[in-house]
Amino acid sequence: MSLLNRIFRCVLLLAGMSLMATAGASPTMPQAGVEYQVLKRPQPADGGKKIEVIEFFGYFCPHCNALEPLIAEWVKKQGDNIVFKRVHVNFHGLVPQQKLYFTMEAMGKADEYHMKAFNAFHIDRNRLQSDAEVMEFVNKSGLDKQKFSDIYNSFSIQSKLNRAAQLSDAYQVDGVPFIAVDGRFTTSPVMSVTTIARVTEEEQNRSVLQVLDFLITKIQKERNAPAAPAAASSAAPASAAAPAKAPVKKK
């Protein structure tokens, strides 16, 4: 999708939100094709016995920034039910932002510094558009500068960038925030209130969490359902052979 198309999408989203006032958004029974989509080509999920949840996001995105505190709380509540992953998308050519997230992730610091990166962009006005601006954030945040720099410029980070592009294509991500569940389902705050008029952004965000709860429960029920019994043989058991008749003697 081109930059102009993405900008147009965001303008439509904001315009729609500005025209809507609150009316108690609460998608109690999400429907496939409405509040969430079912992928035509399911993707391999890497959650093992847990359910994989992937959030596609960008530090540049104000809606991702607004969703982050709520989804972080939701992830904590899910505990061992899920494996939660984030993928920073490559919209607008902001590769330094991608590298920032994936480097923090490789350092084991993503959870601790994730919101600080959002604040750097949306509050401190550091656009994180260049390596220099990223390093400015690193210096101010207290991250280990040398370790960060070594990982930031490594081949492993380039591999993560390539993988992010593959996942974005596979899940058909055309806007963020965008959430994939179990390699089969996708949803977003906007999608979650498709049938509900007049909502605020916070209500959108809380609604998408309700959709996620629904999907997690749905998948758990599928996994815990008893296996179908083996089909009974349609052939009737063979009856005992009738005793042979004695030959008739001629008189």
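The values are calculated or read from the model by the stated rules, or taken from the named source; none is laboratory data. Model, not experiment: these values are computed from the prediction. When we count neighbours, we look across all protein chains shown, and the Cβ atoms used for this are built from the backbone with ideal geometry, even at glycine. For accessibility, only protein heavy atoms count, side chains too; no ligands or nucleic acids. Shrake-Rupley method; radii C 1.70, N 1.55, O 1.52, S 1.80 Å.
Numbers at a glance
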| item | result |
| --- | --- |
| Search result, residues across segment 33-65 that are in a strand (DSSP E or B) and open to solvent by 40 Å² or more (accessible area, probe 1.4 Å) | 37, 38 |
| Options 155, 137, 178: the member that is at pLDDT 95 or above and either at positive phi or under 14 Å from the mean Cα position of the chain (by Cα) (or both) | 178 |
| Total residues in segment 46-95, condition at pLDDT 95 or above and in contact with an Asp or Glu (Cβ under 6 Å, 6 or more places away or on another chain) | 5 |
| Which numbered condition residue 29 fails, given (1) more than 21 Å from residue 220 (Cα to Cα); (2) modelled with pLDDT under 95; (3) open to solvent by 30 Å² or more (accessible area, probe 1.4 Å) | (1) |
| Some residue of segment 72-84 being farther than 14 Å from residue 212 by Cα, touching a residue at least 40 places away in the same chain (Cβ under 8 Å) and surrounded by fewer than 20 Cβ atoms within 10 Å (Cβ to Cβ) | no |
